[in-house]
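Take a look at the structure set out below.
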Amino acid sequence: MPLLVVQPSSKCDGGCSSCRWNFGPRNEKEGLPIEALDRLKELLNNFKFDECILLCPNPLFHPKLDIIIDLIHEICEKTTIFLPISITRNLLNRKSLEKVDVISLLIPSYDSAKVNIQLVKTLVSQGLEDIEAYVLLDSNRGSAEVLSTIDLCKRYGLKITVGPMFYDPPRTSKFIEYLEKREDAEIGLRYGKKYLYNAIKVFLKDYPVTVLTSNGIEDCRTLYIDPYGYFSKCPTYGKKVHFQNLTSDALRKMVFSRCPVDNSVMLSPRIHISLVAKNGVEIPSDVLELLELVFWLKSFRGACRAMGVPPSTFWEKIKTLEKELGTTLLISVRGGRKRGKTALTEFAQKLLNEYANAKKNILTAFYK
Ligand code: SF4
């Protein structure tokens, strides 16, 4: 699922001890240029991300946050805003907060939760209900302290996620081991991805808590925009392009290229799945990957470019496969308003569903 991560502001009042964001004073007042999102919308050509994360530093410091949120709505299905729980009260702009789908409160310690939990009541009393407690788990925090923080958040009926600072590797394995020894804890199965990470559900006295367990780099489809308008796949991957020089090709490569950085200490599976049709014809993994990209990009050429393969190569392969299967896989629409679009046939859509399920099942088994 394609994910957009945007940092509108370089200024913050969070005071988290393990903060990794140090942008310095440059453009602190203005924040992210609106033109950067205009340019993105223009190049996306009706493509939509599944989710946008408006990430800290505190987005509410951006003077035109409302405009940013309106633009994000046009290019993303869902918007989550990350706010430090120690946010300065007079910054709480209800109008902006009403426009997002989820408010995620970043909680760096038990003390910051205890001192600032009143904020939750303030938000709820303003009718803002979809609030998540994002309990930071980094090398400074022990499992018992994290559990106390969770207990505090449970009292307010908050959705709870335990995870690292964004783009840092999760340090949750010790926490899971700690929970495994507790009678009041039940460890659920891996259920998929949340934000940038693989996630599992744990039940603490039957209260569901999401724990982010590993980098979701297997099929990372993300785009990152920093407060100065530089685009990249992620802040860890150094190659970045300023919005004034951004092209649709560069954008496509950023979102759909494989994760270039293996910053995880653990092994990460690279999965190649092929499917066999009833008549014994094999549909190889690169074709399945191409079909997945055509589904997202609605363009055969765009999908080939994202895979770095000349369209002629794949065209031959697709035509041969269609003959062997006795059915078509792609529908290309030429001319008129929908000029140059490519769609999957019903059969190809079924293949893609099988492919996605197989990938999910393998990853679930791998992380069990
Ligand atoms: S809220 Fe984010 S940017 Fe602000 S101090 Fe905490 S980690 Fe850093």
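The values are calculated or read from the model by the stated rules, or taken from the named source; none is laboratory data. Source: prediction; values computed, not measured. FYI the Cβ positions are ideal-geometry reconstructions off the backbone, even for glycines, and counts take in every protein chain you see. SASA here: full protein model, heavy atoms, side chains in, ligands and nucleic acids out. Shrake-Rupley method; radii C 1.70, N 1.55, O 1.52, S 1.80 Å.
Okay, here's what the table says:
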{"read-out": "Whole-Å distance, taken between Cα centres, linking the range 118-146 and the range 1-71", "value": "21"}
{"read-out": "Stretch gain in nm, segment residue 281-residue 245, where the contour uses 0.36 nm per residue and the Cα spacing is subtracted", "value": "8.5 nm"}
{"read-out": "Probe 1.4 Å, accessible area per residue of the range 46-129, Å²", "value": "39"}
{"read-out": "Selected from 221, 155, 20 as most flexible by GNM, with the chain as the system and alpha-carbon contacts under 10 Å", "value": "155"}
{"read-out": "Distance between modelled label sites at residue 273 and residue 176, nm, 7 Å Cα→Cβ extension", "value": "2.0"}
{"read-out": "Over the chain, relative contact order from alpha-carbon pairs under 8 Å, at least 6 apart, %", "value": "13"}
{"read-out": "Carbon plus sulfur fraction of accessible area for the range 3-266, probe 1.4 Å, in percent", "value": "49"}
{"read-out": "Label point 7 Å beyond Cα of residue 70 along Cβ direction - residues of the range 204-231 with amide nitrogen under 19 Å", "value": "none"}
{"read-out": "Given 41/78; 278/323; 278/350; 11/201; 78/298; 278/319, the pairs whose alpha carbons are separated by over 25 Å", "value": "11/201"}
{"read-out": "Span-rule helices in the chain, defined as complete DSSP H runs reaching 27 Å or more along the axis (Cα) with Kyte mean at least 1.0", "value": "none"}
{"read-out": "Most mobile of 174, 201, 64 in a GNM of the chain (Cα contacts under 10 Å)", "value": "174"}
{"read-out": "The range 275-367 - percent of accessible surface contributed by carbon and sulfur, probe 1.4 Å", "value": "55"}
{"read-out": "Residue 323/residue 114 FRET efficiency (R0 51 Å; Cβ-Cβ; nearest 0.05)", "value": "0.15"}
{"read-out": "Listed residues 320, 80, 210, most fluctuating in the chain (Gaussian network, C-alpha, under 10 Å)", "value": "320"}
{"read-out": "Reference-scaled alpha-carbon Rg (2.2 N^0.38 Å with N residues) for the chain", "value": "1.06"}
{"read-out": "Residues of the range 275-367: accessible area per residue with a 1.4 Å probe, Å²", "value": "58"}
{"read-out": "Value at 222 nm in deg cm²/dmol, rounded to 500, when DSSP H runs of n ≥ 4 in the chain each add -39,500 (n - 2.57)", "value": "-10500 deg cm²/dmol"}
{"read-out": "Cα pair distances exceeding 21 angstrom across the range 163-228, given as percent", "value": "29"}
{"read-out": "Nearby lysines by direct alpha-carbon distance to residue 121 (threshold 21 angstrom, same-chain neighbours under 8 apart not counted)", "value": "95, 99, 154, 159"}
{"read-out": "Measure of compaction for the range 9-86 (Cα Rg per 2.2 N^0.38 Å)", "value": "1.16"}
{"read-out": "Probe 1.4 Å, accessible area per residue of the range 130-244, Å²", "value": "40"}
